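Quick notes on the structure that follows.
The values are calculated or read from the model by the stated rules, or taken from the named source; none is laboratory data. This structure is a prediction, so every number in the text was calculated from the model and none was measured. Cβ placement follows ideal geometry from the backbone for every residue including glycine, while neighbour counts extend to all protein chains displayed. Accessible surface is based on the protein model in full, side chains and every heavy atom, while ligands, DNA and RNA are left aside. Shrake-Rupley method; radii C 1.70, N 1.55, O 1.52, S 1.80 Å.
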Amino acid sequence: MTDTTLLKALTEAGLGSRRKMSDAIKNGKVSVNGVIAENFRLPVNTEADRILFDGRPINLQSEQPIYLMLNKPDGLLCTTSDERGRRTILDILPEKYRRLRLYPVGTTGPG
């Protein structure tokens, strides 16, 4: 990733959802090259621009994607979290994979 919008760069860096990052920009928590960002569509170069979030530098270098395939057992939800406390696929993954930004694809029902 080199040229992109500020909002996309922040979300791809794993700092939060688009809504959360949009709010952070509106609240003056994001700066680009020493200037407080006022527009989430601001074009940025992830290799050259220095972006700070709450005063801390952000690593914008893309990580190599990791793909996992799982034959989900019955009774688990195909999601990374559940507000009702039900078991999800994260419950059976090894610890080293639980901290990754995972995007499950599949069915949430049995089978």
Would you please put 95-106, 20-31 in order of how densely packed they are, using the mean number of other Cβ atoms within 10 angstrom per residue and starting with the highest? 20-31, 95-106
In the chain the accessible area split gives carbon plus sulfur, as whole percent at 1.4 Å, a share of 48 percent
Okay, helix-only estimate at 222 nm for the chain: each DSSP H run of n ≥ 4 adds -39500 (n - 2.57), divide by all residues, round to 500 deg cm²/dmol; what do you get? -4500 deg cm²/dmol
Would you work out which of G28, L77, P57 lies farthest towards the positive end of the dipole of the chain, given +1 charges on the beta-carbon of Lys and Arg and -1 on that of Asp and Glu, about the Cα centre? L77
Solvent-accessible heavy-atom area per residue, rounded to whole Å², over the chain at 1.4 Å: 73 Å²
In nm, to one decimal, how far is the E47 label point from the K29 one, both placed 7 Å along Cα→Cβ? 3.0 nm
Using per-residue counts of other Cβ atoms within 10 Å, averaged over each peptide, order 74-86, 4-16 from highest down. 4-16, 74-86
